[in-house]
Amino acid sequence: MKKILVISLLFALMTLPMFLSSCKKAAVKPIGLQMYSIRQDLDTNLVGTIEKLGKMGYKYAEAFGYKDGKIYGKSVTEFKDLLEKNGIKMISSHVGQPVPDSANWAKTMSWWDECIAAHKAAGVSYLVQPSMDSVAYSSLAGLKRYCDYFNAVGEKCNAAGIKFGYHNHDKEFKTIDGQVLYDFMLNNTDPSKVFFEMDLWWSTVGGANAIEYFRKNPGRFILLHVKDEFEVGSSGKIDWKAILEKAPAAGTKFYIVEQEAYQPNTTALDGMKKSLDFLEKADYIK
């Protein structure tokens with residue numbers, strides 16, 4: 001009996017490294033997609049397109065298009081269920097309203113209450129406002145209004161167990177009165193209420209140094225938009241290894257692929273597959 005136990009123990013010890021190795025290989029990288037990338041496919045064939053994404057290997061998604069309590073004609077929970085049926089978890093959603101004036105503040109906050117409740121019911125972890133209107137870019141006073149507004153929305157999200165963030169384009173890296181708008185936003189929003197989903201392509205277009213922003217603002221970049229001129233890795237204009245190696249220290253939890261342009265003779269779904277393959281092979285994303 002003792003001999004059998006010893007042999008069993010030795011076998012277990014011998015096979016443990018192979019078991020651990022297989023577990024490591026099976027780990028799912030935190031890579032998702034912003035569904036705006038394939039909006040035309042979703043318009044044409046919602047169910048079929050989501051099925052293709054699941055088979056492609058995407059495990060996480062960031063939604064867009066929330067309106068009147070629905071995404072693509074379905075309640076947020078129904079849309080979440082459709083994704084999950086195909087092995088995809090909806091972690092975040094692009095939503096938002098322009099900064100209201102005092103007369104419309106209560107109405108806008110009511111809209112956010114409904115939006116937050118709908119996404120909380122679907123188990124969404126992050127809500128991200130994807131843009132601002134001209135108020136933000138006309139003066140620092142206008143931008144400060146947005147910062148105060150985002151702090152108020154972030155407080156509402158926190159109360160529901162959701163985190164609130166802002167997604168940039170290139171205009172946020174311009175200056176007003178000698179101040180870079182993005183820096184102003186980082187300095188005038190409460191880190192406990194507002195995170196930033198840095199879009200790495202638009203940041204590059206705007207002349208920003210993502211690594212420096214990560215270094216100076218640790219923990220504030222919970223989501224990243226991993227975007228290139230076309231498919232991720234296609235332009236040669238972004239040092240993906242240097243940037244993404246620093247992302248965990250910046251607080252990054254998920255890497256969200258987005259594409260707004262595609263190379264000739266490449267479909268949106270082909271492009272999303274190429275981007276996913278590039279990131280899956282990257283040993284600097286864990």
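Values in this text are rule-based calculations from the coordinates and carry no lab data. Every value quoted in this text rests on a predicted model; they were computed, and no experiment measured them. Cβ coordinates were reconstructed from backbone atoms using ideal geometry, including for glycine residues, and neighbour counts include every protein chain displayed.
Which FRET efficiency value, to the nearest 0.05, do you get for Glu114 and Asp148 by plugging their Cβ-Cβ distance into 1/(1 + (r/R0)^6) with R0 = 25 Å?
The calculated FRET efficiency here is 0.70.
Would any residue of the range 88-132 have its amide N under 16 Å from a label point 7 Å out along Cα→Cβ of Ser138? List them or say none.
98-104, 132
Which one, Gly206, Gly96, Gly271, has the greatest fluctuation when you compute a Gaussian network model over the chain with C-alpha springs under 10 angstrom?
Ranking Gly206, Gly96, Gly271 by mean-square fluctuation puts Gly206 first.
Where the centre of each part is set by its Cα atoms, how far does the range 90-115 sit from the range 224-279, in angstrom?
29
Could you derive backbone 3J(HN,Hα) for the range 226-242 from the dihedral phi with the Karplus parameters 6.51, -1.76 and 1.60 (θ = phi - 60°), listing whole Hz in sequence and x where the residue is Gly or Pro?
Coupling constants for the range 226-242: 8, 9, 10, 4, 10, 5, 4, x, 8, 8, x, 9, 10, 8, 4, 4, 4 Hz.
If I model a spin label at Ser235 and Ala121 as a point 7 Å from the Cα along the Cα→Cβ vector, what separation in nanometres do I get?
Each label point lies 7 Å from its Cα, and together they span 4.0 nm.
Taking 25 Å as R0, compute the FRET efficiency from the Cβ-Cβ separation of Lys74 and Ile176 and round it to 0.05.
E(calc), rounded to 0.05, equals 0.05.
Take the Cα radius of gyration of the range 169-260 and divide it by 2.2 N^0.38 Å, with N its residue count; two decimals is plenty. The partial results should precede the final answer.
Working: Rg = 12.7 Å, N = 92, 2.2 N^0.38 = 12.3 Å.
The reported ratio for this selection is 1.04.
On a full-extension model of 0.36 nm per residue, what is the gain between Lys29 and Ala261, subtracting their alpha-carbon distance, rounded to one decimal in nm?
Working: separation 232, 0.36 × 232 = 83.52 nm, distance 2.44 nm.
Roughly 81.1 nm would be gained on extension.
Which of Lys216, Lys253, Lys89 moves most in a GNM of the chain, Cα contacts under 10 Å?
Lys216
Give me the Kirkwood hydrodynamic radius of the chain, using the inverse of the mean 1/r over all pairs of distinct Cα atoms, in Å to one decimal.
Details: mean 1/r = 0.0491 Å⁻¹.
When all Cα pairs of the chain are included, the Kirkwood radius is 20.4 Å.
Please list, by residue number, every one of the chymotrypsin sites (Phe, Trp or Tyr not before Pro) in the range 63-169 that is coil in DSSP and has at most 12 other beta-carbon atoms within 10 Å.
Here no chymotrypsin sites (Phe, Trp or Tyr not before Pro) fit, given the DSSP loop and packing criteria.
Stick to the Cα atoms of the range 66-118, pair each with every other, and give me the Kirkwood hydrodynamic radius in Å at one decimal.
On the way: mean 1/r = 0.0809 Å⁻¹.
With all distinct Cα pairs of the range 66-118 included, I get 12.4 Å.
May I ask for the percentage of alpha-carbon pairs in the range 44-197 that lie more than 25 Å from each other?
Cα-Cα pairs of the range 44-197 separated by over 25 Å account for 34 percent.
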